[in-house]
Amino acid sequence: MRLFATTIISLLSLLFFEKDEKELISERPNVVIIFLDDSGWADFTPFRQSGLRTPNVEQLAKEGCKYTNFYVPQAICSASRAALLTGSYPGRTKVFGAHAPKERGLDTIFPTMGEIFSQAGYKTALFGKWHLGDHEDTRPHNRGFQETSGLLYSNDMWKDHPEDPEFWGRYPLQYWENGEVTISEVTTDDQKNLTKWYTKDAVSFIERNKDNPFLLYVPHSMPHVPIFSSDDFNGKSGKGLYGDVLLELDWSVGEINKAIKENGIEESTIIIFTSDNGPWSVYGKHSGNTPFREAKATSFDGGVRSATIIKYPNQIKRGSQSDFTFFSIDILPSICNLLKIPLPKNEIDGIDVWQSIVDETNYENPHSYYAISTNNRLEALISGDGRYKLHLPHRFRTVEEFGNDGSQGIYKQDSLGPALFDLKIDPFETNDVIKKNKNVANTLLNFAKEHERKFYNN
């Protein structure tokens, strides 16, 4: 009799535990990350106040918060994506620059956001550009994303590459869906539809998973060159092809935001809108706009500062603006801790800064510094409070002549450092104040030496 009673109690406990666990999962917020490619900080309203209006991004900002000081640790495709999805610096993952087709990419010892969320019971999807590995075990469908579609690398890595078509033509640009090639060689007409295809898949995923907690990652191929818009948007902006591309991306943001609302999950969904890095300015009118110094593939703010909006009705004040400084490596730990999702067992570099994201006035950034690299070189550090930026001595590329109509212009080499900039009064990095702030510079220099010992001297 006692054994029977014990068995009944055990079964009831198990049932109640499973019920509680299911209820916990169902109450967890959804996460949507819209990650543009090479978008300029001032491409969209409300980050600029004149020119082309982008009403859907503007509406998203009215429903959430605009963050003016959000950074990536390296201003180029693969490195930036690895940092976002792993919460780790490029120096830790050794994902530098932009990987070519057939490269292994991000090592599987570093769990991705997709793997972390799927193990916690979330439905996960990626629709867009992966660019973190082109081996069987490093493609997105094997890195935690249960539904996938899009390109495995940048859309310029194809036979029509403007600078080296012979090299890139060796690798047909393919369109993948759920681990299978569905377009063996992407054409110009296919490129015109990429934004629409990613958006259609994203909306469908939302509709089918409105009753499940989900992670939806939409890393658009645009506005990375070569730029294309669909027939519905060609000529619509009156600002040239780049304007048309921005309008279509703005439409995509609107469709995703609308699907969230229409499926009754707005209150329980976090939406993050940002870019992997700044514009590829050497392409002239086929590149984005930034008020900051330099652009993509440099450690200046024109490369590493990305316009960002976060919407979460339960916690983030509508129509607000924040000057809080944080990096993409902080997104993973901040969201995981908020959602009570266990972080991976391996060490990461991001820290939970959610309380500062919600209200910067009452919290301080726990980081002593943030590190910025270009390829495998540490080039700059920003103090944890976001005020000072130290450039170590380094060379960098700057535009000498802009390209026209999709052709690449001409770079020249320049050099800088050591140099210290006060970003609060000089966000454009024009006035070196290192002589007046030697203690600040020495503190950041010591952090730089320690960072190099930890990540680059092994």
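Find the residue count for region 290-314, including only residues that are part of a loop (DSSP other than H, G, I, E, B) and at pLDDT 95 or above.
Number of matching residues: 15.
Note down all Cβ pairs under 6 Å where the first residue falls in region 426-444 and is within 16 Å of I382 (Cβ to Cβ), the second is of a type in the set (D, E) and modelled with pLDDT of 95 or more, and they're at least six residues apart or on different chains.
Sorted first by the residue in region 426-444, then by its partner, the pairs are V433/D422.
Among (1) touching a Phe, Trp or Tyr at 6+ places or on another chain (Cβ under 6 Å); (2) surrounded by 24 or more Cβ atoms within 10 Å (Cβ to Cβ), which single condition is L151 missing?
(1)
Within region 281-292, can one find any residue that is of a type in the set (A, V, I, L, M), under 18 Å from F35 (Cβ atoms), crowded, with 22+ Cβ neighbours inside 10 Å and not assigned by TED's automatic domain parsing to the domain that holds F396? Break it down stepwise before answering.
Start the filter on region 281-292 by keeping residues that are of a type in the set (A, V, I, L, M), which leaves 282.
Then keep just the ones that are under 18 Å from F35 (Cβ atoms); that gives none.
The answer is no, given that none of the residues of region 281-292 is of a type in the set (A, V, I, L, M), under 18 Å from F35 (Cβ atoms), crowded, with 22+ Cβ neighbours inside 10 Å and not assigned by TED's automatic domain parsing to the domain that holds F396.
A quick yes/no check of all residues on (1) assigned to a helix (DSSP H, G or I); (2) at positive phi; (3) of a type outside the set (K, R):
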| site | (1), (2), (3) |
| --- | --- |
| R318 | no, no, no |
| D330 | yes, no, yes |
| I335 | yes, no, yes |
| L343 | no, no, yes |
| E347 | no, no, yes |
| Q355 | yes, no, yes |
| H367 | no, no, yes |
| E379 | no, no, yes |
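Would it be correct to say that S299 is farther than 20 Å from V32 by Cβ, within 19 Å of the chain's Cα centre (by Cα) and touching a residue at least 12 places away in the same chain (Cβ under 8 Å)?
On the way: farther than 20 Å from V32 by Cβ: yes; within 19 Å of the chain's Cα centre (by Cα): yes; touching a residue at least 12 places away in the same chain (Cβ under 8 Å): yes.
Against the criterion (farther than 20 Å from V32 by Cβ, within 19 Å of the chain's Cα centre (by Cα) and touching a residue at least 12 places away in the same chain (Cβ under 8 Å)), S299 qualifies.
Being at pLDDT below 95, closer than 23 Å to N277 by Cβ and in contact with a Ser or Thr (Cβ under 7 Å, 6 or more places away or on another chain) is the requirement here; does P162 meet it? Walk me through it before giving the result.
On the way: at pLDDT below 95: yes; closer than 23 Å to N277 by Cβ: yes; in contact with a Ser or Thr (Cβ under 7 Å, 6 or more places away or on another chain): yes.
Criteria met by P162.
Tell me, which residue of region 414-442 that is in contact with a helix residue (DSSP H, G or I) (Cβ under 8 Å, 6 or more places away or on another chain) and assigned to a strand (DSSP E or B) is surrounded by the most Cβ atoms within 10 Å (Cβ to Cβ)?
L420
The values are calculated or read from the model by the stated rules, or taken from the named source; none is laboratory data. This one's a predicted model, so the numbers in the text were calculated from it and none came from an experiment. Neighbour counts are summed over all protein chains in view; Cβ atoms, including those assigned to glycine, are modelled from backbone coordinates with ideal geometry.
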